[in-house]
Amino acid sequence: MDIDKISFTGSTKVGGFVLEASGQSNLKDVTLECGGKSPALVFEDADLDKAIDWIAAGIFYNSGQNCTANSRVYVQSSIYDKFVEKFKETAKKEWDVAGKFDPFDEKCIVGPVISSTQYDRIKSYIERGKREEKLGMFQTSEFPIGGAKGYFIPPTIFTDVPQTSKLLQDEIFGPVVVVSKFTNYDDATEAG
């Protein structure tokens with residue numbers, strides 16, 4: 001019982017086992033990061049530049065490989081088009097830094113994903129959205145990425161995605177974000 005704290009990152013199922021085991025011992029302090037599809041809501045009275053900076057950091061930091069990455073963004077319809085255009089510009093700037101593939105550059109927040117398996121998984125979601133669902137998509141670079149050592153996925157933005165899409169339902173765990181419209185608070189909270 002020399003363990004005071006447990007921190008776990010992984011599936012919800014295994015997180016439940018960790019929590020249960022902790023409860024059956026000496027009630028250790030437990031932190032669980034078990035995934036999700038964290039939403040961000042942007043209302044028309046928001047400071048658009050700040051909202052975009054925070055959202056870009058939230059999804060592109062560590063190439064979206066964190067369980068709190070805001071991979072779903074809901075933007076009030078009155079500012080939606082302006083938001084999408086500015087967000088694309090920000091994603092492009094992030095990739096321009098990352099595209100130098102210098103992990104020691106302090107400005108670089110988009111790096112490679114963890115493995116070839118994860119690379120293929122993320123790429124399959126992107127391809128599905130592009131080909132099967134025929135969604136609006138902006139990608140900061142084409143595949144394959146020349147000059148990269150590692151499994152780099154360029155920041156990818158999907159727009160006008162229906163609620164039934166796998167892009168909205170599944171945790172992708174990569175730099176892939178869905179931007180959708182809402183009209184009012186009730187509409188936004190129902191979607192999110």
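The values are calculated or read from the model by the stated rules, or taken from the named source; none is laboratory data. Every value quoted in this text rests on a predicted model; they were computed, and no experiment measured them. Glycine also receives a Cβ, built like all others from the backbone with ideal geometry; neighbour counts cover every protein chain displayed.
The table below lists the values:
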{"read-out": "Scope the stretch 102-140; condition among the polar types (S, T, N, Q) and either modelled with pLDDT of 90 or more or over 17 Å from the mean Cα position of the chain (by Cα) (or both); matching residues", "value": "SER115, SER116, THR117, GLN118, SER124"}
{"read-out": "VAL178, sole failed condition from (1) in contact (Cβ under 8 Å) with a residue 40 or more places away in the chain; (2) among the β-branched types (Val, Ile, Thr); (3) exposed (fewer than 14 other Cβ atoms within 10 Å of the Cβ)", "value": "(3)"}
{"read-out": "Sole residue being surrounded by fewer than 15 Cβ atoms within 10 Å (Cβ to Cβ) and either in contact with a Pro (Cβ under 9 Å, 6 or more places away or on another chain) or not in a loop (DSSP other than H, G, I, E, B) (or both), chosen from THR31, THR68", "value": "THR31"}
{"read-out": "The stretch 157-172: number of residues that are without any contact (Cβ under 8 Å) to a residue 60 or more places away in the chain and not charged (D, E, K, R)", "value": "7"}
{"read-out": "Near pairs, Cβ below 7 angstrom, 6+ apart or cross-chain, from the stretch 3-25 (in contact (Cβ under 8 Å) with a residue 40 or more places away in the chain) to any residue that is surrounded by 12 or more Cβ atoms within 10 Å (Cβ to Cβ)", "value": "THR9/GLU33; THR9/CYS67"}
{"read-out": "Set ILE157, ILE145, ILE172: member being farther than 17 Å from LYS86 by Cβ, modelled with pLDDT of 90 or more and buried (at least 16 other Cβ atoms within 10 Å of the Cβ)", "value": "ILE172"}
{"read-out": "Strands (runs of 3 or more DSSP E) completely within the stretch 77-192 that count 1 or more residues being touching an Asp or Glu at 6+ places or on another chain (Cβ under 6 Å)", "value": "136-139"}
{"read-out": "Flag for LEU19 being touching a helix residue (DSSP H, G or I) at 6+ places or on another chain (Cβ under 6 Å) and not in a loop (DSSP other than H, G, I, E, B)", "value": "no"}
{"read-out": "Unmet criterion (only one of (1) touching a Lys or Arg at 6+ places or on another chain (Cβ under 9 Å); (2) not in a strand (DSSP E or B)) for ASP53", "value": "(1)"}
{"read-out": "Test for SER22: is it under 19 Å from PHE158 (Cβ atoms) and of a type in the set (S, T, N, Q)", "value": "no"}
{"read-out": "Residue match in the stretch 75-82 (condition: more than 14 Å from the chain's Cα centre (by Cα) and farther than 21 Å from LEU168 by Cβ)", "value": "yes"}
